[in-house]
Amino acid sequence: GAGVSQTPSNKVTEKGKYVELRCDPISGHTALYWYRQSLGQGPEFLIYFQGTGAADDSGLPNDRFFAVRPEGSVSTLKIQRTERGDSAVYLCASSSPGLGNTGELFFGEGSRLTVL
Amino acid sequence: DQQVKQNSPSLSVQEGRISILNCDYTNSMFDYFLWYKKYPAEGPTFLISISSIKDKNEDGRFTVFLNKSAKHLSLHIVPSQPGDSAVYFCAASGTSYDKVIFGPGTSLSVIP
């Protein structure tokens with residue numbers, strides 16, 4: 001499809017386990033964002049890539065969270081030693097910065113993470 | 001400390017009437033403002049945006065108003081339709097391609 005693709009759509013894991021969430025952005029989009037959304041709240045910024053590099057990772061809550069985008073396309077969000085508080089929907093978005101850009105982010109459907 | 005605030009968690013409007021969703025922000029460095037709409041089990045979708053050099057932007061039934069001195073913006077939907085029932089997020093950024101900060105959302109119900 002032409003949209004942002006996120007896998008898995010649902011992930012249930014046990015406390016202390018390692019988790020990877022994948023995002024495949026829209027082809028040609030150079031900017032990629034990760035957000036986390038808990039029930040009843042707005043999306044919380046985690047990290048933003050411009051190309052292969054993290055332009056802003058100020059939203060990552062602690063060093064258990066890490067994200068990569070080695071070839072400037074697909075990105076993986078990695079969470080080590082998961083905790084129950086990590087349970088949320090993890091949203092990925094991409095955009096194409098440039099002249100005339102409305103600033104629109106194109107979101108995927110999210111990966112719902114449940115830590116038991 | 002929430003930089004983007006939406007003080008009404010929910011709003012109910014009769015079909016055909018105007019819906020007004022409000023948003024306040026605290027960071028004077030924000031230069032670009034956006035509204036997103038979200039249905040359950042889907043990602044947010046972009047509705048409309050406005051840069052700080054404007055005070056109004058219109059797209060069909062949707063109009064966004066910006067009052068920079070008050071650090072306030074609002075989204076007007078006229079006429080409201082049942083399909084508009086969703087959660088609406090206000091968002092802001094420093095530029096059109098900077099990190100985007102979202103508010104907590106307002107759940108709009110349009111009653112037929």
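With a 1.4 Å probe and all protein chains in place, put A:71, B:42 in order of accessible area, largest first.
Details: A:71 165, B:42 80 Å².
Descending accessible area places them as A:71, B:42.
Sorted by accessible area (1.4 Å probe), largest first, how do A:84, A:36 line up?
Heavy-atom accessible area, descending, gives A:84, A:36.
I'd like the carbon and sulfur percentage of the solvent accessible area for segment A:28-111, probe radius 1.4 Å, heavy atoms only, ligands and nucleic acids excluded.
On the way: 1740 of 3600 Å².
Carbon and sulfur atoms account for 48 percent of the accessible area of segment A:28-111.
Heavy atoms of the protein only, probe of 1.4 Å, neighbouring chains included. What is the accessible area of residue A:13 in Å², nearest 10?
10
Hey, rough spin-label estimate for residue A:44 and residue A:56, points 7 angstrom out along Cα→Cβ, what's it come to in nanometres?
1.7
List the lysines whose Cα sits under 23 Å from the Cα of residue A:11, skipping any in the same chain fewer than 8 residues away.
A:78, B:38
Carbon and sulfur atoms: what percent of the 1.4 Å accessible area of chain B do they account for? Spell out each step's value before the answer.
Details: 2620 of 5310 Å².
That fraction is 49 percent.
Would you calculate the volume per residue, in Å³, of the smallest convex hull containing every Cα atom of chain A?
Values: hull volume 11.6 nm³, N = 116.
Convex hull of Cα atoms, per residue: 100 Å³.
From the C-alpha gyration tensor of the protein assembly as shown, pull out the three semi-axes of the equivalent ellipsoid (sqrt of 5λ each), sorted largest to smallest, in whole Å. Don't skip to the end; give the middle numbers.
Numbers: eigenvalues 175, 81, 52 Å².
Over the Cα atoms of the protein assembly as shown, the semi-axes work out to 30, 20, 16 Å.
With a 1.4 Å probe and every protein chain left in place, tell me how much accessible area residue A:22 has, in Å² to the nearest 10.
110
Give, in nm to one decimal, the length gained when the segment between residue B:12 and residue B:67 is fully stretched (0.36 nm per residue of separation minus the Cα-Cα distance).
17.4 nm is the gain from fully extending residue B:12 to residue B:67.
Can you work out D for segment B:13-91 in µm² s⁻¹ from Stokes-Einstein, where Rh is the Kirkwood radius over C-alpha pairs, the temperature is 10 °C and the viscosity is 1.306 mPa s?
Values: Rh = 13.0 Å.
D, rounded to a whole number, is 122 µm²/s.
The values are calculated or read from the model by the stated rules, or taken from the named source; none is laboratory data. A quick note: this is a predicted structure, and the numbers were derived from the prediction, not measured. Neighbour counts run over all protein chains shown; Cβ positions are idealised from the backbone, glycine included. We work out accessible area using only protein heavy atoms, side chains counted, and drop any ligands, DNA or RNA first. Shrake-Rupley method; radii C 1.70, N 1.55, O 1.52, S 1.80 Å.
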